[in-house]
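A short reminder: the numbers here are calculations on the coordinates, not readings from a lab. Everything quoted here is computed from the prediction, not taken from an experiment. Glycine also receives a Cβ, built like all others from the backbone with ideal geometry; neighbour counts cover every protein chain displayed.
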Amino acid sequence: MRASICLVVIFLIINAQAHISDKKPIMGADELRLARECRVDKDGKQSVACPRTYETICIRYEDLCNNIPDCPDGADEDRIYCLMHNLRAIEISELDAKVEELKG
């Protein structure tokens, strides 16, 4: 529960900072729409849209926050975006562990 609240607070801070500095928000509605347009690649790996791009530029999920810029503007390595990405990955990992524990 606390992790979810932290994610919401961080999301609000990011969008407020983007608005104040006249930058486009990292996770605006358009980016979420674009993320749904990316497909699973030929190897069965999920791809995601680059943050902060209006055109659909998809990269492999594994390439997010790996210290190698894959998006044209390097947004996939943005420190705030990666903070969100890593927190989400930790939370998902913890939930997976709980599910396995409950399965017995």
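Computed values, structure above
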| read-out | value |
| --- | --- |
| Extended-chain gain in nm, criterion 0.36 nm per residue less alpha-carbon gap, residue 98 and residue 55 | 11.7 nm |
| Nitroxide proxy distance, nm - points 7 Å out along Cα→Cβ at residue 40 and residue 89 | 2.1 nm |
| Peptides ranked, highest mean first, by Cβ atoms within 10 Å: ranges 37-49, 76-88 | 76-88, 37-49 |
